[in-house]
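Colleague: One structure follows; several queries about it will come next.
The values are calculated or read from the model by the stated rules, or taken from the named source; none is laboratory data. Bear in mind the structure is a predicted one, so any value in this text is a computation, not a measurement. Note: ideal-geometry Cβ built from the backbone for every residue, glycine included; neighbour counts use all protein chains shown. Just so you know, the surface numbers come from the protein's heavy atoms only, side chains and all, with ligands and any DNA or RNA stripped out. Shrake-Rupley method; radii C 1.70, N 1.55, O 1.52, S 1.80 Å.
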Amino acid sequence: MPAGLHPRTHLSKESIFSRMSRLAQQFGAVNLGQGFPSNPPPAFLLEAARRAIGVVDQYTPPIGLPRLREALAEDLQVAPENVVVTAGATEALHALAEALYGPGDEVVMFEPYFDVYIPQARLAGATPVLVPMRLEDRWQVDLSALEAAITPRTKAILLNSPYNPTGSIFSHEDLERIVALARQHDLWIVSDEVYDELYFEEAPTPLRQLAPERTFTVGSAGKRLEATGYRVGWIVTPPALAPLVAGMRQWSSFCSAAPLQAAVAEALPVARREGFYSALRSSYRSRRDLLARGLEGMGIQVFLPQGTYFLTAKFPGIEAETLVREARVAIIPGAAFYADHPAPEGLFRLAFCKKPDEIELALERLERYISVKR
Ligand code: GLN
């Protein structure tokens, strides 16, 4: 490491998602690694964004463009004064880490975990405590292990539902038990719900409905509206805390891109009114099934997701970086989501937010590669 930088720059390592996208480009691979859609965002969002440039061009308040806070409040059925707009969900989670915990505190989360959770906890000086999910014929949450992980130093429980990478959705009963634990130990709950509209069975329960006094909900226009590069995310806070959280993010990005906030404000009610999310769900369901059936046809064990656009599967004897070079298919190794425990043998995450012909091409390439290897 070059002299002069703080030792915390060991966290500056390229993320697995960026790395696999870079390798995918380099080797002409189909990218089922990083979760970004290959479809363009809906026309109603693109048109709203084009209209906003030249009109809404200067800073917004750090707490967000008022009309976007209103639109979010309407969509999420919450009070506008409890909404903070952020530069993507990543900044939302970072602002919450800064606002909620610090040195000496512990943050309990599940493993496998989405990659930003651990570095963000560490940057805030806190210690991440990982509770392993069990993988048998499906992903299972172990709530007694969660309870056992809580200590007098625990400050918050960090949850993700629908869950990246497992695709699982916490049941209403699981959430009630988690809320009971949080109340008993007086903990904050950070509920990463960026895939809230991406479910294939029952709609997930928003955690804030069960514990509005202690839940911070994180959401994402990038995920909902297929525009991950717009960097418009949000937080719904417990009452009276939004100005404090917004006050923390004023020291990083200050505000999210103003015209894109305006565009999302316009697009959210259109998406709801025109059934955009249910169309998205059925399109993702058929792509999920296309990928799952193709993999199962090759004898690969698939863990069908209940939500998100990710699927986990077991490919014993495969190595992600060899695969991207030799088969020209990029997928994410399960180990990327594990820090404390070994990843299940042969586990990978595949993104199906890609066009059906890309999924088909990836399946053809995988099949050829696997049959040669066997
Ligand atoms: N959320 C996306 C994924 O899991 C992308 C993450 C990222 O690159 N920041 O693939």
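The rows are residues; the columns are (1) open to solvent by 20 Å² or more (accessible area, probe 1.4 Å); (2) in a loop (DSSP other than H, G, I, E, B); (3) hydroxyl-bearing (Ser, Thr, Tyr).
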{"position": "Ser144", "(1), (2), (3)": "yes, no, yes"}
{"position": "Glu147", "(1), (2), (3)": "yes, no, no"}
{"position": "Ala156", "(1), (2), (3)": "no, no, no"}
{"position": "Ile178", "(1), (2), (3)": "no, no, no"}
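Colleague: List the pairs whose first member sits in the range 225-237 and is among the aliphatic types (A, V, I, L, M), whose second member is within 15 Å of the ligand (Cβ to nearest atom), and whose Cβ atoms are under 6 Å apart, counting only residues at least 6 apart or on separate chains?
Modeller: Hits for this filter: Val232/Ala221; Ile235/Ala92; Ile235/Val218.
Colleague: Now, a different point. If I go through the range 360-374 residue by residue, how many of them are touching a Lys or Arg at 6+ places or on another chain (Cβ under 9 Å) and surrounded by 22 or more Cβ atoms within 10 Å (Cβ to Cβ)?
Modeller: Residues meeting the conditions: 1.
Colleague: Give the residues of the range 113-136 that are touching a residue at least 40 places away in the same chain (Cβ under 8 Å) and in contact with a strand residue (DSSP E or B) (Cβ under 8 Å, 6 or more places away or on another chain), sorted by residue number.
Modeller: Across the range 113-136, the qualifying residues are Tyr113, Phe114, Tyr117, Ile118, Arg122, Pro128, Leu130, Pro132, Leu135.
Colleague: Now for a separate question. Residue by residue through the range 182-193, note down the ones that are away from the ligand (no atom under 16 Å from the Cβ), part of a loop (DSSP other than H, G, I, E, B) and in contact with a Ser or Thr (Cβ under 9 Å, 6 or more places away or on another chain).
Modeller: Scanning the range 182-193 gives His185, Leu187.
Colleague: In the list Glu202, Glu226, Glu213, which residue meets the criterion of being at negative phi and at pLDDT 95 or above?
Modeller: Glu213
Colleague: Of the residues Glu213, Glu201, which is out of contact with any Leu (no Cβ under 9 Å at 6 or more places or on another chain) and farther than 30 Å from Glu345 by Cβ? Break it down stepwise before answering.
Modeller: On the way: Glu201 fails: farther than 30 Å from Glu345 by Cβ.
Of Glu213, Glu201, the one residue that is out of contact with any Leu (no Cβ under 9 Å at 6 or more places or on another chain) and farther than 30 Å from Glu345 by Cβ is Glu213.
Every residue, every condition in (1) within 16 Å of the ligand (Cβ to nearest atom); (2) more than 26 Å from Val131 (Cα to Cα), yes or no:
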position: Glu176; (1), (2): no, no
position: Tyr195; (1), (2): yes, no
position: Gly222; (1), (2): yes, yes
position: Leu225; (1), (2): yes, yes
position: Arg249; (1), (2): no, yes
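Colleague: Now for a separate question. Report yes if Gly229 is open to solvent by 10 Å² or more (accessible area, probe 1.4 Å), assigned to a loop (DSSP other than H, G, I, E, B) and either of a type in the set (D, E, K, R) or over 19 Å from Glu74 (Cα atoms) (or both), otherwise no. Walk me through it before giving the result.
Modeller: On the way: open to solvent by 10 Å² or more (accessible area, probe 1.4 Å): yes; assigned to a loop (DSSP other than H, G, I, E, B): yes; either of a type in the set (D, E, K, R) or over 19 Å from Glu74 (Cα atoms) (or both): yes.
Here the answer is yes, as Gly229 does meet what is asked.
Colleague: Determine which member of the set Pro333, Pro342, Pro356, Pro316 is within 20 Å of the chain's Cα centre (by Cα), not aromatic (Phe, Trp, Tyr) and not assigned by TED's automatic domain parsing to the domain that holds Glu197. Lay out the reasoning, then the answer.
Modeller: Details: Pro342 fails: within 20 Å of the chain's Cα centre (by Cα); Pro356 fails: within 20 Å of the chain's Cα centre (by Cα); Pro316 fails: within 20 Å of the chain's Cα centre (by Cα).
It is Pro333.
Colleague: List the helices (runs of 4 or more DSSP H) inside the range 255-374, counting only whole elements, that have at least 1 residues being more than 21 Å from Asp75 (Cβ to Cβ), modelled with pLDDT of 95 or more and within 16 Å of the ligand (Cβ to nearest atom).
Modeller: Filter on the range 255-374 gives 276-297, 320-326, 356-373.
Colleague: Just checking: which of the strands (runs of 3 or more DSSP E) contained wholly in the range 22-139 hold 2 or more residues that are open to solvent by less than 40 Å² (accessible area, probe 1.4 Å) and within 16 Å of the ligand (Cβ to nearest atom)?
Modeller: Hits in the range 22-139: 106-111.
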